[in-house]
Amino acid sequence: MISKFLVKSFVKNNENTKDSKVRNSYGTLGGIVGIIVNFVLFLIKFSVGMLVGSIAISADAFNNLSDAASSIITIIGFKMSNKPADAEHPFGHGRIEYLSALLVAFMVMLVGVQFIKSSVERILNPEIITFEFVPFILLLVSIGFKVWLSSFNKFIGNKINSSALKAAATDALGDVFTSSTVVISFLLAKFTSFPIDGYIGVFVALAILYAGFGLVKETLNPLLGESPDPELVNEICEKVLSYPPISGVHDLIVHNYGPGRIIASLHAEIPSDIDIMEIHNVIDKAEREVSRDLNLHLVIHMDPICIITDEIKETWDYVEKILRNYPEIKSMHDFRIVGEGEIKNLIFDIVLEASESGNKKKQEKMLANIKTAIKKEHPQYNCVITIDYDFM
């Protein structure tokens, strides 16, 4: 309820999440709320940590302070990623959002490293922790704040599909776990004189490091070029196939230049006997409408499919039977027989997993074996086989 109220109050036209200005407003709101909540939590925990002399609570306090700084970076990242395209960056600056999230992740890890050192020093030189009821209640309240902040970031992160805000939600949920551990150690101090504070501090610091590592991995993936969202892939394929006479699609490649800046290309299979102007109009319409509906830029290449004859069907069945001996081959497309007379070219593409792309020697041997098998049954064909990779 509070999350929806904040969005309605501070984000104009909040339902139009495809608009870059609306998206930027969501990011700014998430950052400001994160700064306020985390700074308040820092003041509470730091005061408690100093009052009772707990390194674990102080470590958790500075973790919240780093989260507040992270929220500032998030706001700056959203502002910079919203800059329009220019001559040097023709696809815009959307990936700055990923870079800002990466910087946040490194800051989180730095805090973890610093407090491992402090916690080890506390183990070597233990100090007595005095349990007090009011600080204990304040720590419980701080956990409630973090639970809400995690749900808020998740809510707006899902609204605009922001990796930075989703990462912030995950980080806040991790803080709930670490803060709960700190509260337990503080409570145990009431019943034992064992210097558990330093050990809990190490545990909290390691949890912070682990969260930071997870954030680094999550933000590096889109920068390096990760597989696209399967739901988006299905949507693109289904929408393109809804335009007759397109009968199939393949070779879909999706490039991510930041949220709302996606470029996709694919091959659309069409009958070879259709009028070129007619199918050109269909392809133009599909590109325009699918791009608009999915908020991306789609480019479609036309692949004419041969009219099925007895010769093509018989040869297709035979080749398909051979390919079953190679489990690494996912599918076959662009199958056609070109030429007349006794010597013809048999042309088709096979699809392998992208992970197979580095094994060239294995592929060359496989192609040679396939060509030999086809030549044995159909000596009139010269085989031209192209290997495609499934990047989905």
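Points to keep in mind about this one:
- The requirement of being over 30 Å from Ile137 (Cβ atoms), surrounded by 21 or more Cβ atoms within 10 Å (Cβ to Cβ) and among the acidic types (Asp, Glu) is satisfied by Glu97.
- Hey, Phe136 in a helix (DSSP H, G or I) and modelled with pLDDT under 80 or not: yes
- Residue count for the range 292-331, restricted to those that are surrounded by 17 or more Cβ atoms within 10 Å (Cβ to Cβ), free of Cβ contacts under 8 Å to residues at least 60 places away in the same chain and not hydrophobic (A, V, I, L, M, F, W, C): 1
- When residues of the range 152-175 are limited to those that are within 22 Å of Ala69 (Cβ to Cβ) and surrounded by fewer than 19 Cβ atoms within 10 Å (Cβ to Cβ), the one modelled with the highest pLDDT: Lys154
- Restricting the first member to the range 351-371 and to residues that are over 17 Å from Ile322 (Cβ atoms), and the second to residues that are polar (S, T, N, Q) and at pLDDT 90 or above, the beta-carbon pairs closer than 9 Å and six or more apart or on different chains are Glu356/Gln363; Ser357/Gln363.
- Among the residues listed as Asn221, Asn256, the single one being more than 25 Å from Leu29 (Cα to Cα) and either of a type in the set (D, E, K, R) or open to solvent by 30 Å² or more (accessible area, probe 1.4 Å) (or both): Asn221
- Within the range 3-24, the set of residues being part of a helix (DSSP H, G or I), open to solvent by less than 40 Å² (accessible area, probe 1.4 Å) and not charged (D, E, K, R) comprises Ser3, Leu6, Val7, Val22, Asn24.
- Each residue in the range 34-90 was checked for being open to solvent by 70 Å² or more (accessible area, probe 1.4 Å), touching a residue at least 12 places away in the same chain (Cβ under 8 Å) and acidic (Asp, Glu), and 0 pass.
- Subset of the range 176-191 that is aromatic (Phe, Trp, Tyr) and open to solvent by 10 Å² or more (accessible area, probe 1.4 Å) - its residue that is modelled with the highest pLDDT: Phe191
The values are calculated or read from the model by the stated rules, or taken from the named source; none is laboratory data. Everything numeric here is computed off the predicted structure, so don't read it as measured data. We place every Cβ from the backbone using ideal geometry, glycine too, and count neighbours over all the protein chains shown. Side chains included, ligands, DNA and RNA excluded: accessible areas come from the protein's heavy atoms. Shrake-Rupley method; radii C 1.70, N 1.55, O 1.52, S 1.80 Å.
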